[in-house]
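In what follows, a structure is listed as structure tokens, so that the remarks can point back to it.
The values are calculated or read from the model by the stated rules, or taken from the named source; none is laboratory data. Quick caveat: nothing in here was measured; it's all calculated off a predicted structure. Quick reminder, even Gly has a Cβ in these numbers, built from the backbone with ideal geometry, and neighbours come from all protein chains shown.
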Protein chains: 2
Amino acid sequence: MQRALNVTRADNFPEWYQAVVRDADMAENSPVRGCMVIKPWGYGVWELIQAELDRRIKATGHENCYFPLFVPLSFIAKEAEHVEGFAKEMAVVTHHRLKLIDGRLQPDPTAELEEPLIVRPTSETIIGDAFQRWIKSYRDLPLLINQWANVVRWEMRTRLFLRTSEFLWQEGHTAHADREDAMAETLRMLEVYRAFSEEVLAMPVVAGEKPENERFPGAENTFSIEAMMQDGKALQAGTSHYLGQNFAKAQNIRFQTDKEDLAFCHTTSWGVSTRMVGGVIMTHGDDDGLRLPPAIAPRQIVIVPMLRDKPEDVEVLAYCDALAADLLKGSAFGAPLRVLVDKKPIRSAEKRWNWVRRGAPLILEIGPRDAAGGQVTFMRRDQLRDGDRVRSQSEARDAFVQGAPRRLAEIQAALFAEAKARLADNIRTDIDTFEGLEAHFGAAVEDDEAGAAFKGWVRAGWSRPEGGELEGVVERLKALKLTLRNAPMDQGGGAARCIFTGRPAVEDILIARAY
Amino acid sequence: MQRALNVTRADNFPEWYQAVVRDADMAENSPVRGCMVIKPWGYGVWELIQAELDRRIKATGHENCYFPLFVPLSFIAKEAEHVEGFAKEMAVVTHHRLKLIDGRLQPDPTAELEEPLIVRPTSETIIGDAFQRWIKSYRDLPLLINQWANVVRWEMRTRLFLRTSEFLWQEGHTAHADREDAMAETLRMLEVYRAFSEEVLAMPVVAGEKPENERFPGAENTFSIEAMMQDGKALQAGTSHYLGQNFAKAQNIRFQTDKEDLAFCHTTSWGVSTRMVGGVIMTHGDDDGLRLPPAIAPRQIVIVPMLRDKPEDVEVLAYCDALAADLLKGSAFGAPLRVLVDKKPIRSAEKRWNWVRRGAPLILEIGPRDAAGGQVTFMRRDQLRDGDRVRSQSEARDAFVQGAPRRLAEIQAALFAEAKARLADNIRTDIDTFEGLEAHFGAAVEDDEAGAAFKGWVRAGWSRPEGGELEGVVERLKALKLTLRNAPMDQGGGAARCIFTGRPAVEDILIARAY
């Protein structure tokens, strides 16, 4: 069977992923190591993610700010002191001028910074510094701030959207009077992420708490949403941290209580990034390319006029333009429909496959017969194939226009249902020994890049081992290329015993290979 | 008279500007030299600027992308070669890791980059590199790209919003098949900026072409919009460049023409930045603080409940909430009204003055009498004073709700009219000798920071001197702290002779002190 991509998911999942990113025109590698160029179609998806998530972040009382790109080295040093396991791969600015020396442009030795600046890997310290200035009294609390920004973490092995040295994200930072309020905020934002992922990205997730070894350095509790990719691996798609008073103490973020004494704030932070776009690709893509949930499709309906360099082309184009104008009056997901008539001077068949690969939810092919008969011929991208054949449907023009918002909602729901079933069907709960885990996941694959068979996740009993015992667990899992994902919030009726320690389980935990 | 700020424009304009930025809670200096923290109220203004300008940029056919924060040094070196007067104050990344050495966290000497990276001061080179890959044929043209990003230019003397080492902007980059198309694009975007400034920021501008000495390095033509601040100085608020084939040749951006031969593209670039926010402040602010055009006010209507810790507070609050709910149903400038009931636990009078300083267009003070009588008591920020007294009006609740969108439009128009009159009245066209210029602007003020008297601009004849002759003109002007701003697009009936050379004038040019 002819497919729109030259590699399938089953053949080689990582290569398939790269092919989708490339052929859907989402992003590409740049000449700057580890940094990507996000192309219009990929950036369009990100803009829609931003717009809707921003709306939800504001609806929960947060305000946007902008903080400096650079963090003084001393701020980082202070954090490094109080945080173990602190990552040090960062971009370091040491000079502020270039100079032509011996005919070569280079950093000017006379313009070395007294204190190097770090390109923010995250903004806890620079925002904490502002909080310490802004917060005086309990009346200033809670302080609920969000920032949309680029951040840089030097990465050796990168993959477009999933792991890049520079990426785009939002980072929420909040300060509260007490633990209860801060923890409520942490969980509120976790729930915002869960609902956003499922409702907007059509990407089902499991929300839960990370085990100690997977916590954000300096956090008391780290929560995450985990999504199942089509290779069975887990993708951490968002995190929310309760930081206790750790950062407040390191940065002297104090407030006068209503009893007139001074207390340290309790802070939180939470973020999602362009990584989400990678999650969308690996959740919904198929062997013909990307399939975009209509809520985040930059173009939900693409009209391809079937032109033949003949006189009737004029009528076909006029018919397409009028159709687009009518469709643009409709709305879906709380916003006007996004419709395009693709008039690019290339062959119609090429256009069709371009839009298939890009995952436009509804692709219309309008020829002279449609124009004459008042018809619309279209493909639903989520139901592209009937066996090997491409499935094309016809409908009366007005019925199509009127039904378009409903049909987009159906596509959104269908993509979610498909992914939800995959998630639900592929979490094994019947494995209760480490040997069982070993048997299920098989010995460590030498190169798991090239498509280890689909194994899904295991949900098993967990006794919350700590310290050395936890390290032992992590090591044993590592040999199987497995990691602890999270202990789901939804804990009804879990396993009796811990799969690792044999002691009574306190909760269930998810175990999976992961990105 | 009691004012909401402790310094007036007449006393000391630069100090007044700083006071507005601080007291309107727009932004503050950060611990990182030259970088600002943009606070929620300031960032809210920027978000509204972004949203509406982005809409206009997309409506003219551009698509957003995202390119790397870093530019390899070799790219910059290549540009430096072909561009004279190339600025070299940039942030240079030389290391990718920190390491604890002798108890001190510092750049790891073993993690020095082979090639230093520059934090983008602008993205011509990195985007040009992508264009050179993306453009193959005339079918790919025009390529119309925009990017919203942070950029860094190391600055020694900084001023919040006006000149900061890091700032936020949008940069458009386009490629075209010929000069005509590229020039049309350059002027189209200049007009987008002009219309946006006047219609949305209520900031009148003069659009025109920069003289040779003020051109963007490497550009064939640079156009700008120039706004008149309340101290009479000019602020360049946006630029649009026709780059000819200069960048295309330096970066090998070629395409196959419809005649099958290879040709270099003609490119353009254009941008506006957070500097615009500074322009808004200096255009509309008064001695009580900021006055925001309603189109970019994060809150257009602020309701201050006059609470007295008495039982009737409950009714007042309920009345305010119901009023806000009704107002929120309305819309202005194509978007729902932005309304806030300020329930912060501080004194009502303090709230009033906070919102006056922040420039909320309509400030309501609702007490028990209003609630009981179905009234609204409000201030129009643009008409705050009647002589020395604060002017407060009352209106029946329903009439106020219904009239709110119209009233906001009136305020927008009034602010524009006021600024437009100031601009129109303060461009002298009757000065036709350099001696006249000297007499008008006076000898160079030693420290023009501390409020040189308002002088406005001069519009005079211009013969387009070049090379050494132009340098001479620039030097003579410099002694008067003056600069050439632009030759206005609108050139009807200009001066006969050049004010500098005495030769017949080709056009008029604007001369002014400037930011």
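Quick notes
- Checking B:Glu449, B:Glu438 one by one, the residue that is over 24 Å from B:Ala207 (Cβ atoms), at pLDDT below 95 and in contact with a Pro (Cβ under 7 Å, 6 or more places away or on another chain) is B:Glu449 and no other.
- In the range B:39-62, the count of residues that are of a type in the set (Asp, Glu), over 16 Å from the mean Cα position of the chain (by Cα) and outside the structural domain of B:Trp353 (by TED's automatic domain parsing) is zero.
- Residues of the range B:403-414 that are surrounded by 14 or more Cβ atoms within 10 Å (Cβ to Cβ) and not small (Gly, Ala, Ser): B:Pro405, B:Arg407, B:Leu408, B:Glu410, B:Ile411, B:Gln412.
- Scanning the range A:31-50 for residues that are of a type in the set (Val, Ile, Thr) and facing another protein chain (nearest Cβ under 7 Å) turns up A:Val32, A:Val37, A:Ile38.
- Residues of the range A:360-385 satisfying the condition of being basic (Lys, Arg) and crowded, with 23+ Cβ neighbours inside 10 Å: A:Arg381
- Filter result (closer than 22 Å to B:Gly289 by Cβ and without any contact (Cβ under 8 Å) to a residue 24 or more places away in the chain) within the range B:386-403: B:Asp386, B:Gly387, B:Arg389, B:Val390, B:Arg391, B:Gln393
- Residue match in the range B:155-164 (condition: among the hydroxyl-bearing types (Ser, Thr, Tyr), assigned by TED's automatic domain parsing to the domain that holds B:Pro217 and within 23 Å of B:Met189 (Cα to Cα)): no
- Some residue of the range B:188-207 being of a type outside the set (Asp, Glu), over 16 Å from the mean Cα position of the chain (by Cα) and not in a strand (DSSP E or B): yes
- Filter result for the condition that a residue is outside the structural domain of B:Ile301 (by TED's automatic domain parsing) and either within 20 Å of B:Val280 (Cβ to Cβ) or free of Cβ contacts under 8 Å to residues at least 40 places away in the same chain (or both), over B:Arg406, B:Arg381, B:Arg422, B:Arg459: B:Arg422
- Residue count, the range A:99-120 (criterion: within 9 Å of chain B (Cβ to nearest Cβ) and among the polar types (S, T, N, Q)): 1
- Condition broken by A:Ile303, with the remaining ones in (1) more than 14 Å from every other protein chain (Cβ to nearest Cβ); (2) surrounded by fewer than 22 Cβ atoms within 10 Å (Cβ to Cβ) satisfied: (2)
- Of all residues making up the range B:150-169, the number that are more than 15 Å from A:Cys65 (Cα to Cα) and among the aliphatic types (A, V, I, L, M): 4
- Subset of the range A:121-138 that is facing chain B (nearest Cβ under 9 Å) and among the charged types (D, E, K, R) - its residue that is surrounded by the most Cβ atoms within 10 Å (Cβ to Cβ): A:Asp129
- Within the range B:150-167, restricting attention to residues that are assigned to a strand (DSSP E or B) and of a type in the set (Val, Ile, Thr), the residue that is nearest to the other protein chains (Cβ to nearest Cβ) is B:Val152.
- The sole residue among B:Arg139, B:Arg120 that is in contact (Cβ under 8 Å) with a residue 12 or more places away in the chain and not aromatic (Phe, Trp, Tyr) is B:Arg120.
- For the residues A:Gln147, A:Gln170, the requirement of being assigned to a strand (DSSP E or B) and within 12 Å of another protein chain (Cβ to nearest Cβ) singles out A:Gln147.
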